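Read through the structure below, which is laid out as structure tokens, and then see the notes.
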Amino acid sequence: MKKLLKSSSAVALALATLSAPAMADMAAAVSFLDGTIERSALSRAEQEAEMQWFVDAAEPYKGMDIKVVSETIATHEYEANVLAPAFTAITGIKVTHDLIGEGDVVEKLQTQMQTGENIYDAYINDSDLIGTHWRYKQARNLTDWMAGEGASVTNPNLNIDDFIGLQFTTGPDGKLYQLPDQQFANLYWFRHDWFVDEKNMADFKTEYGYDLGVPVNWSAYEDIAAFFTGRDLSHMGVEGDVFGHMDYGKKDPSLGWRFTDAWMSMAGMGDKGEPNGLPVDEWGIRVNENSQPVGSCVARGGATNSPAAVYAIESYVDWLTKYAPPAAAGMTFSESGPIPSQGNVAQQMFWYTAFTASMVGEGAEAVLNDDGTPRWRMAPSPHGAYWEDGMKVGYQDAGSWTLMESTPVDRAQAAWLYAQFVTSMTVDVEKAHAGLTFIRESTIDHESFTERAPELGGLVEFYRSPARVQWSPTGTNVPDYPRLAQLWWQNIGDASSGAKTAQEALDSLCAEQEAVLSRLERAGLQGELGPVLNEEQDPEVWLSQPGSPRAALETTDETPETISYEELIQSWN
């Protein structure tokens, strides 16, 4: 990869123009650029100018200690271990960037909302909380912040229009509530080398009557899972048991994300619409024309316990039982993540691209060619029998900077400087190479990713394609993410373990969601934006109307459909 030219004369000229107190800060910035920033969307002169702005803007906050928090993924490890120390050296603001579990981030945020205690000066929390932040007004809306109290500390080169996920962090009021820091999609992962092997292709065609390829629908996915489970692949040098599917099923908070992260929309439960279905979203929550939640159960117009939702859960449990490694049922999200890289799994429908970094390096030799290129690929996830064109097809995580109203202004200003530093155009390309989670168009289009694309199994092609907008986080229908999210893993866990049928688990889930919505309605905490529940009716009243919730299909056995990976990539281009 081409290294940016470093101009010693430009550095000398820049240093010569600085006042003595700022000299050390800019010297730290130059050292940082020389030692860390090999690739950037900005020229060296532009990088130096951006660093000079940070030096100047941070002057009033020198010596301040601030604390920020995020979940533990490769991107945030890079920020905490590389960018935070550099920011401290450059600005004089000491930043402690804590890395904790995603559930713990939400818990800390919820505690700060409930108590008003300033636990952290800024949070990187998922944009899944956009409906919460918009309604409770306990997060500063960044549109007003950047024009008001945050104006003096807002980078003139922030280039807000360069961020690709702003539609996920903007409320129905048109205000920006969060600034994206990292994004990754939930896609389909598969062993491309197995799929193009001549013997496998011939045997599959003989057994199923159509070509082995990327599954377009769930029927094809299931056929492929059955075909590879227990298959002898010794002709390819694969030893040990082989499985056609990978997933996880432990009753754990991460099991909730497994479903709220758009599994139901992939099945076809919600309504059409981008970035989320309206009026019924991928949680099965219906809203009225004022974006007020009115129900979750079918009896109130929701879809959480609808036939499409039941089909989604039954498919999940069936495939986990039949086609995944036996240990998968007792695994959490983090425990299951590395399993495909061990080399004995054919495909995974529900695979986060955040795992890409661990699939291309040390420990992933079983799924890499000798030259380091992947034997695997990623592609759009197949959709279920209830899905129609125009519906959401998958989830995209957007961990985003959030400033709480309970944080003192000066601390919020200092934290905002750090948030902009780690998302700046100076550092973003380098950060993206470390974590492979894209937030800027300029980074996606950078020549270094054109060069690296063959190593990343379709990640770059996906993010450069117009198709990426069909993958989105939880939308604004969810009025209180922390309270509602915890209901999912507990109830879905009952279905996963066999303690309840899918219908029983979903009936319980939607009833518990409505209990929370009802409490919010009675408390009036969200004002005119809060829930106003519909009266219960015979479910058939809603099932007979167009849109979600939909009546049960006579059969969910669709005609299987596949597409070759090469044809798929060409369609993206």
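The values are calculated or read from the model by the stated rules, or taken from the named source; none is laboratory data. Note that this is a predicted model, so its numbers are computed, not measured. Here the Cβ is made from the backbone with ideal geometry for all residues, glycine too, and neighbour counts use every protein chain on show. Calculation scope for accessible area: heavy atoms of the full protein, side chains included, ligands and nucleic acids excluded. Shrake-Rupley method; radii C 1.70, N 1.55, O 1.52, S 1.80 Å.
Mind scanning 137/272; 94/392; 199/431 and naming the pairs with a C-alpha gap bigger than 31 Å?
The answer is 94/392; 199/431.
Taking only the Cα atoms of the range 341-459, how large is their convex hull per residue, in Å³?
170 Å³
Using label points projected 7 Å from each Cα along Cα→Cβ, tell me how many nm separate residue 147 and residue 175, to one decimal.
1.1 nm
Residue 450 to residue 569: extension gain in nm, 0.36 nm per residue of separation minus the Cα-Cα distance?
Working: separation 119, 0.36 × 119 = 42.84 nm, distance 1.45 nm.
Between residue 450 and residue 569, full extension yields 41.4 nm more.
How long are the semi-axes of the equivalent ellipsoid of the range 283-349, defined as square roots of 5 times the Cα gyration tensor eigenvalues? Whole Å, largest first.
Values for the range 283-349, descending: 34, 14, 9 Å.
Work out the FRET efficiency for residue 114 and residue 322 from their Cβ-Cβ distance, taking R0 = 45 Å, and round it to the nearest 0.05.
It comes out at approximately 0.55.
Using only the Cα atoms of the range 401-518, build the gyration tensor, take square roots of its eigenvalues as a ≥ b ≥ c, and label the shape rounded, prolate or oblate: rounded if a/c is under 1.5, else prolate if a/b is larger than b/c, else oblate.
Note, shape of the range 401-518 comes out oblate.
Need one value: the accessible area of residue 257 in square angstrom, 1.4 angstrom probe, rounded to the nearest 10.
Looks like 50 Å² after rounding.
Taking the simple approach of a point 7 Å from Cα along Cα-to-Cβ for both residue 558 and residue 62, what is their distance in nm?
6.2 nm
R0 = 41 Å: FRET efficiency of residue 503 with residue 159, Cβ-based, nearest 0.05?
On the way: r = 49 Å, r/R0 = 1.20.
It comes out at approximately 0.25.
Name the long-range amide H neighbours of residue 288: under 5 Å, sequence gap of 5 or more, or other chain; modelled H, no Pro or chain starts.
Those lying under 5 Å, H to H, from residue 288 are 294.
Which order do you get for 146, 359 if you rank them by accessible area with a 1.4 Å probe, largest at the top?
146, 359
Could you bin all the Cα-Cα distances of the range 139-234 into 10 Å bins starting at 0 and give me the percent of pairs in each, rounded to whole numbers?
Going out from 0 Å in 10 Å bins, the range 139-234 shows 12, 31, 11, 12, 18, 13, 3 percent.
Angle between the Cα long axis of helix 425-435 and the longest principal axis of the chain, 0 to 90 degrees, nearest 10?
Result, in degrees: 40.
What is the set of long-range amide H partners of residue 126 at a cut-off below 5 Å, with H atoms built 1.01 Å from backbone N?
Correct list: 400.
Enter the angle in degrees (range 0 to 90, nearest 10) between the Cα long axis of helix 218-228 and the first principal axis of the Cα atoms of the chain, meaning the one along which they spread out most.
Approximately 80 degrees, to the nearest 10.
For residue 67, list the aspartates and glutamates whose Cα falls under 14 Å from its own Cα; do not include residues on the same chain fewer than 8 positions away.
By straight Cα distance, residue 67 reaches 79, 98, 117, 121, 410.
Using all C-alpha to C-alpha distances in the range 72-211, build P(r) with 5 Å bins and read off the rounded percent in each one.
That works out to 2, 7, 12, 15, 17, 14, 7, 4, 5, 5, 5, 4, 2, 0, in percent per bin.
Taking all pairs of different Cα atoms in the range 272-401, averaging 1/r and flipping that mean, what Kirkwood radius in angstroms comes out?
Numbers: mean 1/r = 0.0573 Å⁻¹.
Evaluated over the range 272-401, this radius sits at 17.5 Å.
Sorted by mean Cβ packing within 10 Å, highest first, what order do the peptides 434-447, 284-297 take?
The most tightly packed comes first, giving 284-297, 434-447.
Considering amide H positions built from the backbone, and no H for Pro or chain starts, which residues 5 or more places from residue 188, or on another chain, come under 5 Å of its amide H?
The answer is 379, 381.
Over the C-alpha atoms of the range 513-573, what are the Rg and the largest Cα-to-Cα span, Dmax, in Å?
20.9, 55
List the aspartates and glutamates whose Cα sits under 16 Å from the Cα of residue 322, skipping any in the same chain fewer than 8 residues away.
222, 223, 241, 247, 314
Relative to 2.2 N^0.38 Å, what does the C-alpha radius of gyration of the range 44-104 come to as a ratio? Two decimals please.
1.26
For the range 76-91, just list the computed ³J(HN,Hα) in residue order, Karplus coefficients 6.51, -1.76 and 1.60, θ = phi - 60°, integers in Hz, with x standing in for Gly and Pro.
6, 5, 5, 4, 5, 8, 10, 7, 4, x, 5, 4, 4, 5, 7, 9
From the alpha carbon gyration tensor of the chain, can you work out the equivalent ellipsoid semi-axes (sqrt of 5 times each eigenvalue) and give them in Å, largest to smallest? List each step's numbers first, then the result.
On the way: eigenvalues 328, 204, 67 Å².
Its equivalent ellipsoid spans semi-axes of 40, 32, 18 Å.
Which whole-Hz ³J(HN,Hα) couplings does the range 533-539 yield from phi under the Karplus relation 6.51 cos²θ - 1.76 cosθ + 1.60, θ = phi - 60°, glycine and proline marked x?
Here the 3J(HN,Hα) series is 5, 5, 5, 5, 9, 4, x Hz.
Using a Cα-Cα cut-off of under 18 Å, which lysines could be cross-linked to residue 251, ignoring same-chain neighbours fewer than 8 residues away?
Hits, sequence-local ones excluded: 500.
Filter the GluC sites (Glu not before Pro) in the range 347-431 down to the DSSP loop ones having no more than 12 other Cβ atoms within 10 Å, then list what survives.
Loop-located and lightly packed - 362, 388.
Rank by packing, highest mean first: peptides 117-129, 201-213, with packing defined as the count of other Cβ atoms within 10 Å averaged across residues. Don't jump to the answer; show the numbers that get you there.
Working: 117-129: 23.1, 201-213: 14.8.
In decreasing order of mean packing, 117-129, 201-213 become 117-129, 201-213.
Over the Cα atoms of the range 176-309, each weighted equally, I'd like the Debye log10 I(q)/I(0) at q = 0.21 Å⁻¹, rounded to two decimals.
Listed by q, the Debye log ratios stand at -1.23.
At 0.36 nm per residue, minus the direct Cα-Cα distance, what do residue 46 and residue 236 gain on full extension? Give it in nm, one decimal, please.
Difference between extended and current length: 63.3 nm.
For the range 407-446, compute the orientation-averaged projected area of the C-alpha convex hull (one quarter of its surface), in nm².
Numbers: hull surface 12.7 nm².
If I average the Cα hull's projected area over directions, I get 3.2 nm².
Cα axis of helix 20-35 to longest principal axis of the chain: angle in degrees, 0 to 90, nearest 10?
Once rounded, the angle reads 40 degrees.
At 7 Å along the Cα-to-beta-carbon direction for both residue 545 and residue 334, put a label point, then send me their distance in nm to one decimal.
It is 4.3 nm.
Which residues in the range 114-134 have a backbone N closer than 12 Å to a point placed 7 Å from the Cα of residue 96 along the Cα-to-Cβ line?
119-121
Calculate how many DSSP beta bridges within the chain are antiparallel, expressed in % of all such bridges and rounded to the nearest 5.
70 percent
In whole Hz and in residue order, list the ³J(HN,Hα) couplings for the range 399-407 that follow from phi through the Karplus curve 6.51 cos²θ - 1.76 cosθ + 1.60, θ = phi - 60°; x for Gly and Pro.
Working through the residues one at a time gives x, 9, 5, 9, 10, 7, 4, 6, 7 Hz.
Run through the range 457-540 and list the GluC sites (Glu not before Pro) located in a DSSP loop whose Cβ has at most 11 other Cβ atoms within 10 Å.
Details: sites: 461, 504, 512, 514, 521, 528, 535, 536, 540; in loops: 535, 536.
Here the GluC sites (Glu not before Pro) that fit, given the DSSP loop and packing criteria, are 535.
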